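Asks: Provided herewith is a single structure, encoded as structure tokens, for subsequent inquiry.
The values are calculated or read from the model by the stated rules, or taken from the named source; none is laboratory data. Small disclaimer: the values here were computed from a predicted structure and weren't measured. Glycine also receives a Cβ, built like all others from the backbone with ideal geometry; neighbour counts cover every protein chain displayed. Just so you know, the surface numbers come from the protein's heavy atoms only, side chains and all, with ligands and any DNA or RNA stripped out. Shrake-Rupley method; radii C 1.70, N 1.55, O 1.52, S 1.80 Å.
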Amino acid sequence: MEAQTLTRANALSLDERAYHIRRKALRMGQVQGQGYIAQALGVADVLSVAYFHALRYRPEDPYWEGRDRFLLSIGHYAIALYAALIEAGVIPEAELETYGTDDSRLPMSGMASYTPGMEISGGTLGIGLGIAVGMALGLRRKASDRFVYNLMSDGELDEGPTWEAAMSAGHWKLGNLICLVDVNRMQADGVSTGVLNFEPLAPKWEAFGWHVQRVDGNDIPALVRAFDTARSLTAPKPRVILCDTRMAKGVPFLEAREKSHFLRVESHEWALALAALDEGRTA
Ligand SMILES: Cc1ncc(C[n+]2csc(CCOP(=O)(O)OP(=O)(O)O)c2C)c(N)n1
Ligand SMILES: [Mg+2]
């Protein structure tokens, strides 16, 4: 089954997967007319490398015990993960059209009980890493060789429980835990470092006992190298990949929007957004 996952990954390039993830996120945004679209476009390359290079999973059996766990600590990024799960074949493509509507399995905030492949429920920021630490400890006790990935945002660096969890992971030397931080430098109230300066970021994680890498989160080859390093390292310590991403990456007129946390897009602009994405792809 792992071989099947690899075959799927090889069928299309990671660039193409990221492009498909962006297109699907835009389509879901269009269904609602608004949403956390800039985050989805920004983190699409990270998700492409996660789901089509690194993670072990069975699309037809999302709760397979042998899967790597992928936790979405940031419930509002659900649109991004849905796009990746649809691209990965975990969720049927047609469900994309139900995004955020009544009775949909794809609510606007990530809910574990609604959606296959959604490991935890989101909404309250700052708790994903603590859950990931617990899962990593549990897998270690079962002598499992699977990884727990936790995708979190830079806004969550303002939350105290993040650092309690980070300290615990260092204390327990959780080599099976890989944290991905989407450093898009933005949060609801404005520029992240203006709200609460978290820099210098790498030394903070290092001081908590983590192996730290900082990469351009929109550079797929760099992400592949970082994931490979995180997975192959023998040092008994948790690993964090700080991913510097650009919000709305791939759609320049949305990249230029200042209020990027929750984008409202006019009905005529969706076609323009898709055209801009396609143009960037062929350029
Ligand atoms: C504990 C908690 N506090 C506040 C909020 C409200 N909130 C929702 S999204 C958000 C911004 C958090 O920053 P980040 O995730 O970096 O924002 P983005 O990059 O998506 O703009 C906030 C404060 C929340 N969901 N949970
Ligand atoms: Mg942010």
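Asks: Inside the range 177-223, can you point out the residues that are more than 16 Å from ligand 2 (Cβ to nearest atom), open to solvent by less than 60 Å² (accessible area, probe 1.4 Å) and closer than 18 Å to L41 by Cα?
Replies: Listed by number, the residues that qualify are V215, D219, I220, A222, L223.
Asks: OK, next. State yes or no: is S232 near ligand 1 (Cβ under 10 Å from one of its atoms) and among the small types (G, A, S)?
Replies: No; evaluated as a whole, the condition is false for this residue.
Asks: Please work out if H76 is more than 24 Å from E266 (Cα to Cα) and touching a helix residue (DSSP H, G or I) at 6+ places or on another chain (Cβ under 8 Å).
Replies: Against the criterion (more than 24 Å from E266 (Cα to Cα) and touching a helix residue (DSSP H, G or I) at 6+ places or on another chain (Cβ under 8 Å)), H76 does not qualify.
Asks: Still on this structure, I have one more. Filter the range 224-243 down to the residues that are buried (at least 18 other Cβ atoms within 10 Å of the Cβ) and over 17 Å from Y51 (Cβ atoms) and list them by number.
Replies: K237, P238, R239, V240, L242
Asks: Filter the range 130-167 down to residues that are within 16 Å of ligand 2 (Cβ to nearest atom) and of a type outside the set (G, A, S), then give me how many there are.
Replies: 9
Asks: May I ask you to list the residues in the range 127-175 that are in contact (Cβ under 8 Å) with a residue 40 or more places away in the chain, of a type in the set (D, E) and within 22 Å of T229 (Cβ to Cβ)?
Replies: Once the filter is applied, which keeps residues that are in contact (Cβ under 8 Å) with a residue 40 or more places away in the chain, of a type in the set (D, E) and within 22 Å of T229 (Cβ to Cβ), the range 127-175 yields only D154.
Asks: Of the residues A169, A143, A80, A94, only one is open to solvent by less than 40 Å² (accessible area, probe 1.4 Å) and either assigned to a loop (DSSP other than H, G, I, E, B) or away from ligand 1 (no atom under 14 Å from the Cβ) (or both); which? Full working, then the answer.
Replies: Numbers: A143 fails: open to solvent by less than 40 Å² (accessible area, probe 1.4 Å); A80 fails: either assigned to a loop (DSSP other than H, G, I, E, B) or away from ligand 1 (no atom under 14 Å from the Cβ) (or both); A94 fails: open to solvent by less than 40 Å² (accessible area, probe 1.4 Å).
After ruling out the rest, the residue left standing is A169.
Asks: May I ask you to say which residue of G33, G126 is over 14 Å from the mean Cα position of the chain (by Cα), within 16 Å of ligand 2 (Cβ to nearest atom) and open to solvent by less than 30 Å² (accessible area, probe 1.4 Å)?
Replies: Every option except G126 fails the conditions.
Asks: Now a separate question. Just to be sure, is D103 open to solvent by 20 Å² or more (accessible area, probe 1.4 Å) and on the phi > 0 side of the Ramachandran plot?
Replies: The answer is yes for D103.
Asks: Yes or no: E156 within 16 Å of ligand 1 (Cβ to nearest atom) and either of a type in the set (S, T, N, Q) or within 17 Å of G128 (Cβ to Cβ) (or both)?
Replies: Numbers: within 16 Å of ligand 1 (Cβ to nearest atom): yes; either of a type in the set (S, T, N, Q) or within 17 Å of G128 (Cβ to Cβ) (or both): yes.
Yes: the conditions hold for E156.
Asks: So which residues in the range 116-140 are outside any helix (DSSP H, G or I) and of a type outside the set (A, V, I, L, M), if there are any at all?
Replies: P116, G117, E119, S121, G122, G123, T124, G126
Asks: Follow-up question, since we're still on this one. Considering only residues that are of a type in the set (A, V, I, L, M, F, W, C) and within 16 Å of ligand 2 (Cβ to nearest atom), look in the range 241-283 and name the one that is nearest to I220 (Cα to Cα). Even if it seems obvious, please write down each step before you answer.
Replies: First pass over the range 241-283, keeping only residues of a type in the set (A, V, I, L, M, F, W, C): 241-243, 247-248, 251, 253-254, 256, 262-263, 265, 270-277, 283.
Filter again for within 16 Å of ligand 2 (Cβ to nearest atom), leaving 241-243, 247-248, 254, 262-263.
Values: I241: 13, L242: 14, C243: 11, M247: 16, A248: 16, L254: 21, F262: 25, L263: 25 Å.
Ranking the qualifying residues of the range 241-283, first place goes to C243.
Asks: For S121, which of the numbered conditions (1) touching a helix residue (DSSP H, G or I) at 6+ places or on another chain (Cβ under 9 Å); (2) among the polar types (S, T, N, Q); (3) within 16 Å of ligand 1 (Cβ to nearest atom); (4) over 30 Å from M167 (Cβ atoms) fails to hold?
Replies: Only one criterion is unmet by S121, namely (4).
Asks: Which numbered condition in (1) free of Cβ contacts under 8 Å to residues at least 40 places away in the same chain; (2) touching a Gly at 6+ places or on another chain (Cβ under 6 Å); (3) among the small types (G, A, S) is the only one that G250 fails?
Replies: All conditions pass for G250, except number (1).
Asks: Might you let me know whether the range 193-204 holds any residue that is over 30 Å from S13 (Cα atoms) and of a type in the set (K, R)?
Replies: Yes: the range 193-204 contains one or more residues that are over 30 Å from S13 (Cα atoms) and of a type in the set (K, R).
Asks: Something else: Here are some conditions: (1) free of Cβ contacts under 8 Å to residues at least 40 places away in the same chain; (2) away from ligand 1 (no atom under 16 Å from the Cβ). G33 meets all but one. Which one does it not meet?
Replies: Unmet condition: (1).
Asks: So which of L71, L41, L47 is over 26 Å from R281 (Cβ atoms) and either within 16 Å of ligand 1 (Cβ to nearest atom) or assigned to a helix (DSSP H, G or I) (or both)?
Replies: L71
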